[in-house]
Amino acid sequence: MLLPTNPEQNLTTDDFPNNNINQMLIGDNDSLGIRTYRIIRDMILNGQFAYGDPIQERRLAAHLNVSRTPIREAISKLEADGLVERSGGRVIVREVRLKEYVEILHVRKLLECDAVREAAKNVDAKELQKVRVTIEKVLENRDVTAIEMRDADDLFHNFIAQASNNKIFIELIKDLRRRTAIFDHERMPSRKQPSNKEHLDIIDALEKRDGTLASARMARHINNIHKSIFDHWGPKN
């Protein structure tokens, strides 16, 4: 079982991402509930809430300066994502157990190996180069943060899903990645460099339009994530 990253805490304005809530809440055309959801989701994924911590409507509404209605909408979506759950009359950050993570990783391997094979047929070379540049910059940065690693990881995997031109792949891969995103790179420190090097290997195959090679390298990449999880967490579970 994975233990909480932090003890239960009282929220302050410093707990919110970028400490610029007003800009985040008015930053686009999505509903207030969706924008609120993104803020709370990022707090969970960035470790500002630990497993078992309560998600308190009143306190969040006060700190975000919104009514409790968008908070409730956000919580419903977080619950659907598998990031929070209801327990004893409270909403708490849901623990993702190792067994569940491994099961999801197995399904991701099946989906993403097929997705990258299809992506090799459709990928836009200029957009692929942009992804390469981003990943190379992360590799060059010795002080890369877990958040920057997660953003690069999301960029890579979501790009491949989109390039597959298969709506089912896109939806399923994004959903499964959301459900395991709390296993961030702070919890797998040994994967910071190898993961992005493996991403570049897959990009090399995509540049050659070699779907078979790209699929094999994706399988190896996800197998290595699986091994790292067990190396890091297995003896404690």
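What follows draws every value from the coordinates through simple rules; no lab data is involved. In this text the structure is predicted, and so the values were computed from the model without any measurement. Reconstructed Cβ throughout: ideal geometry from the backbone, glycine too, with neighbour counts over all protein chains shown.
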Self-check item: Additional length obtainable on full extension of the chain from residue 147 to residue 167, 0.36 nm per residue less Cα span
Solution: 4.5 nm
Exercise. Compute the relative contact order of segment 98-236 as a whole-number percentage, counting only Cα pairs closer than 8 Å that sit 6 or more residues apart in sequence.
Key: 40 percent
Self-check item: Zone residues, segment 79-118, relative to residue 62, backbone N less than 12 Å from point 7 Å out along Cα-to-Cβ
Solution: none
Practice problem: Give a residue-ordered list of calculated ³J(HN,Hα) values for segment 77-82 (Karplus: 6.51 cos²θ - 1.76 cosθ + 1.60, θ = phi - 60°; whole Hz; x for Gly, Pro). | Solution: 6, 5, 5, 5, 6, x
Self-check item: Computed over segment 45-158: relative contact order in percent, which uses C-alpha pairs under 8 Å that are six or more apart
Solution: 22 percent
Quiz item: What dipole magnitude, in Debye to the nearest 20, does segment 100-177 give about its Cα centre under +1 on Lys/Arg Cβ and -1 on Asp/Glu Cβ?
Solution: 260 debye
Quiz item: Length gain on complete extension for the stretch residue 87 to residue 220, per 0.36 nm per residue less the alpha carbon to alpha carbon distance?
Solution: 44.1 nm
Practice problem: Find out how many positive minus negative residues lie around residue 166, taking Lys and Arg as positive, Asp and Glu as negative, among other residues whose Cβ is under 13 Å from that of residue 166. | Solution: 0
